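The structure appears below as structure tokens.
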Amino acid sequence: MRGSPFIRRGSLNSKDAMAHKQNYVERIERNRQLKLEAGLISERFPDVSDIIVQMTYYQNAANPVLMSRTIHFWPSRHAYFNMDCMRKECLDGGFDLTPVIIQMIKHRKKLAEGKLRCAGSVTPPAADHANISYKISITYKKK
Ligand SMILES: [Zn+2]
């Protein structure tokens with residue numbers, strides 16, 4: 001007996017769901033790995049005593065402001081400043097503040113503000129599905 005289209009479609013969907021879950025698990029593992037490789041703030045940036053990142057998340061929707069949050073990066077934390085996209089299904093997205101923070105530290109800059117757009121892909125495709133505005137304050141140790 002040949003399988004009905006309904007069953008065929010059902011099995012395809014569960015396969016998709018498994019693949020999606022697999023991607024998600026891989027992504028978490030990859031993030032964890034990147035975080036470990038980044039090393040600690042105290043080791044990479046010994047002059048820094050404190051980094052504070054204030055972020056407001058926006059999405060392209062009727063209620064555009066999703067949330068604001070403030071993250072403290074103590075020297076004992078990993079020098080990994082890649083923030084996840086708030087859309088769980090977003091692939092290869094996120095907001096990487098690492099280049100901004102590295103530039104700031106290089107020039108001993110205390111304050112930076114800007115905006116970032118998530119470059120990940122979501123279903124259905126939406127080029128501007130998520131963005132953030134950020135404000136970064138860095139405190140340096142006295143020399
Ligand atoms: Zn995204």
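Based on Cα contacts under 8 Å between residues 6+ apart, the chain shows a relative contact order of 26 percent. Run through segment 39-125 and list the trypsin sites (Lys or Arg not before Pro) located in a DSSP loop whose Cβ has at most 11 other Cβ atoms within 10 Å. Counting only loop positions with at most 11 other Cβ atoms within 10 Å, the trypsin sites (Lys or Arg not before Pro) in segment 39-125 are LYS88, ARG108, LYS110.
With a Förster radius of 22 Å, plug the Cβ-Cβ distance of GLU29 and GLU89 into 1/(1 + (r/R0)^6) and report the FRET value to the nearest 0.05.
So the FRET efficiency works out to roughly 0.80.
Each Lys and Arg contributes +1 and each Asp and Glu -1, all at the Cβ; summed about the Cα centre of segment 39-140, the dipole is approximately 280 debye. Annotation: amide H-H contacts under 5 Å for ASP50 (H modelled 1.01 Å from N, sequence separation of 5 or more, or interchain): THR139. Seen against the Cα atoms of the chain and their longest principal axis, helix 5-38 is set at about 20 degrees. Helix-only arithmetic for the chain: the sum of -39500 (n - 2.57) across DSSP H runs with n ≥ 4, divided by the residue total, places the mean residue ellipticity at 222 nm at -11000 deg cm²/dmol. Name the GluC sites (Glu not before Pro) in segment 39-143 that are in a loop by DSSP and that have at most 15 other C-beta atoms within 10 Å, would you? When the GluC sites (Glu not before Pro) of segment 39-143 are filtered for loop state and at most 15 Cβ neighbours within 10 Å, GLU89 remain. Once the mean of 1/r is taken over each pair of separate Cα atoms and inverted, the chain shows a Kirkwood hydrodynamic radius of 17.4 Å.
Bear in mind these aren't lab numbers, they're just calculated from the coordinates by the rules spelled out. Keep in mind the model is a prediction, meaning the values are calculated, not measured. For neighbour counting, all protein chains shown are included, and Cβ atoms are generated from backbone atoms with ideal geometry for every residue, glycine included.
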